[in-house]
Amino acid sequence: MKQVEAVIEQVQKGDREQYACIVEIFQQPIYRYCCRLLGNRQDAEDAVQDILVKAYQSIRGYKPEVSFSAWLYRIAGNHCLNLLRRRRLQGHILRIFRPETVAASAEQQMEARLFSPALELALMQLSLEERNILVLRVFEELTFQEMGHILNSSPNALHKRMERIKRKVREFMQIEEGISWNEPESIAGTKI
């Protein structure tokens, strides 16, 4: 990652064209992260563009005290959590003025089929912060140390929160589908 730090230094000194290297390295991982948090590919694509622009605009303020990826994931996490809060608020407002159900698009229907309904329901039971921790740990496979830099929390505290989150998801899924977490073929058991 020293190569990334060297490129960032060049960008901070005004070599804007070097930022394309940063985009190339981080665009896909940030997209995956946003996709998992937002649950929608189109929203994730839009979010990644916004996040990379925000990062570029703020890059002069980046200090290598934490890794650049942790700094970028923090921007991404905050952006996605704000989008989710806004989406939740808009959903409440729409239900007030238009209580009938809106048909899902073909893409939304396909995405719904790709994930276990019980797992999706379990994830929806989590707070936005809990879902963020779960996505960083399980899907992005970050260490608790890396997560600590992103979330401004101690690795030990995050480990304890992760154990509570896993327990919460498991309990909900056992109730919903009667999944036994001792079965080796249980996909959800290996992911969570």
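Residue by residue through the range 128-139, which ³J(HN,Hα) values in whole Hz follow from phi under the Karplus form 6.51 cos²θ - 1.76 cosθ + 1.60 (θ = phi - 60°), with glycine and proline marked x?
So the J values, rounded to whole Hz, are 4, 5, 5, 5, 4, 4, 4, 5, 4, 7, 7, 8.
Using heavy-atom solvent-accessible surface (probe 1.4 Å) with all chains present, what is the largest-first order of Y56, Y19?
Y56, Y19
Could you give the nm distance between label points at V53 and R86, where each point is 7 Å from its Cα heading toward the beta carbon?
Between V53 and R86, the simple spin-label model gives 1.1 nm.
For V4 and R170 in one chain, what is 0.36 nm times their gap in residues minus the Cα-Cα distance, to one decimal in nm?
Gain on extension, V4 to R170, equals 55.9 nm.
Where in the range 38-68 is the amide nitrogen less than 16 Å from a point lying 7 Å along the Cα-to-Cβ axis of A20?
In the range 38-68, the label zone of A20 (backbone N under 16 Å from the point 7 Å along Cα→Cβ) covers no residue.
How long is the gain from F139 to S127 if the chain were fully straight, where each residue apart is worth 0.36 nm and the alpha carbon distance is subtracted?
So the extension gain works out to 2.6 nm.
The values are calculated or read from the model by the stated rules, or taken from the named source; none is laboratory data. Predicted, not measured: the structure shown is a model, and the values here were computed from it. With ideal geometry, Cβ positions are generated from the backbone for all residues, glycine too; neighbour counts draw on all protein chains shown. In case anyone asks, the SASA skips ligands and DNA or RNA and just uses the protein heavy atoms, side chains included. Shrake-Rupley method; radii C 1.70, N 1.55, O 1.52, S 1.80 Å.
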